[in-house]
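Here the structure is laid out as structure tokens; the discussion comes afterwards.
Throughout, read-outs are computed from the coordinates displayed, never taken from laboratory work. Remember, predicted model here, so these are calculated numbers, not experimental data. FYI the Cβ positions are ideal-geometry reconstructions off the backbone, even for glycines, and counts take in every protein chain you see.
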Amino acid sequence: MEGEPVSAVLYDVPGPRARLRNRLISIVATLLILGLVAYVLRRFEATGQFEAVKWRQFRLPSIQRELFAGLRATLKAAGLAAVLALVFGAVFAAARLSDHRFLRWPGSAVVELFRAIPLLILIFYWYYVPLQYGEPLSTLWALVLGLTLYNGSVLAEIFRAGMLSVAKGQSEAAYAIGMRKSQVMTLILMPQAVRSMLPTIISQLVVLLKDTALGFIITYPELLDAGKRIGGRLTYGFPYLPTYMVIAAIYISICLLLSSAANALERRTRRSHKTTAAPAPPPELAAQPGTVPP
Amino acid sequence: MGDFLRVLTDNRSLFVDGFLTTVKLFAIASASCLLWGTLLAAMRVSPIPALRVFGGVYVQLVRNTPLTLLFAFMVFGVPKLEINISFFRSACIALLVYTSAFVCEVVRSGINTVDQGQGEAARAIGMTFIQVLALIVLPQAFRAIVPPLVSVLNALLKNTTVAAGFSVLEAGAIPAYLSERGEKQTPTLIWITIGFLVLVFPLVSTQRVLERRWRGSR
């Protein structure tokens, strides 16, 4: 994160005058940032956010149980949705790569449609429509199925891009030794595509994990919902801010853990590909390293 | 079918107000996140360590926090600091804080796609920093920045629906209202979907056109 070199395209190696100027700006910037932090801390202090009564409750087993139950519900929804989305993505990527028009077109239509609809609206479909017909779906499944449709469509595009990015000679060689299309896809293209796309796939799963927080809006009892209950208690002086800070820390550490796993994988695959031709990133994804849009 | 149309015509003002609020949220949040995201990117590529660390920490923290949590923080948490902001403004700020982290990363990686030799050559013929930036780096970075930036804005447009859970009457809040009025939900949701498809379409098609035009020219 901070270890990257200063942009060499914009800045020359500083001479004595630039060094002096940089040092001055550094001092001013540090003071400004410290001032900002101090203002926030004072605001917290002045409104009693650091009072022991607001923080002591996190030592209580009952509160910890509540948080863990929320975390478990979040992870359960994320796990189910991740598995289903991977399956959905694989099926629709295969449909879009098919030689048959009657598979390709519906596949494209579904993937394009679900990527264009806001995820919350997809979740509402699963929540409100069964309700209208008197067969309500549990909030867990409304959330999981909504997440599946959206993230599955995004994953389908990632898989497809990965398959298309494998060098053409690979499939040509496989056809030349007499493999059928299904064999070329599963034995030749897919292993290579998964390998080069793994970091992107994991970043999409991080997005999926974060999006489970939308379950809060349809009252699925996940982590944020637990936070609202814990934060709304008069006995502990409405500790909304401490609770949200704890929850943010939980989300951030889980996501960072997953992201660093993705980075480690990326480094490993890059190293082992040195002898062969490095897989070129597919055109759609090449322009946005590390930023899978939310 | 008559029922399907009736849901829209009977509740016209609700749909119109809802989508107008969505567009307003999107306009305010996108303009401000482009500005703040670009500033963050400038910090992250600058030679000032304090600014680089600040930008890096901001992006890492915000990108790994769910948008819904930022909304909850703004709506339930911030009033506890005795700072009172309207629901609409809270929604704008939550969207701004979240999306600018993604804008920052797009701009930064766009700048990094420009070959280092370009800047060196420009300085060698005596260009000033402003000239290097405006004449050499930005025009080249622009092509790498705009297509992914459009998808970030597309995501922002869809993310405005999250405000529905936090007392802002935008398009995503319409189902809850109509559910109280006892309307059927399927037609409501289909109308909202159509509304979003209409709003998303110009963004997606601009992106397609730009990607096609600039493919291979880099």
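Some notes on this structure:
- Of everything in the range B:49-67 that is under 16 Å from B:ALA94 (Cβ atoms) and of a type in the set (S, T, N, Q), the residue that is farthest from the other protein chains (Cβ to nearest Cβ) is B:THR65.
- Within the range B:182-192, the set of residues being surrounded by fewer than 19 Cβ atoms within 10 Å (Cβ to Cβ) and either touching a strand residue (DSSP E or B) at 6+ places or on another chain (Cβ under 7 Å) or at the interface with chain A (Cβ under 7 Å from one of its Cβ atoms) (or both) comprises B:LYS184, B:THR186.
- Conditions (1) of a type outside the set (Phe, Trp, Tyr); (2) more than 12 Å from chain A (Cβ to nearest Cβ); (3) buried (at least 17 other Cβ atoms within 10 Å of the Cβ); (4) in contact (Cβ under 8 Å) with a residue 24 or more places away in the chain: number failed by B:VAL75: (2)
- Taken as a whole, the range A:89-100 holds at least one residue that is more than 30 Å from B:ARG108 (Cα to Cα) and exposed (fewer than 11 other Cβ atoms within 10 Å of the Cβ).
- Identity of the residue in the range A:44-80, more than 25 Å from A:THR219 (Cα to Cα) and in a helix (DSSP H, G or I), that ends up farthest from the other protein chains (Cβ to nearest Cβ): A:ARG59
- Some residue of the range B:78-92 being surrounded by fewer than 23 Cβ atoms within 10 Å (Cβ to Cβ), more than 8 Å from chain A (Cβ to nearest Cβ) and within 24 Å of A:CYS255 (Cα to Cα): no
- The listed residue being assigned to a helix (DSSP H, G or I) and surrounded by 20 or more Cβ atoms within 10 Å (Cβ to Cβ), out of B:LEU40, B:LEU8: B:LEU40
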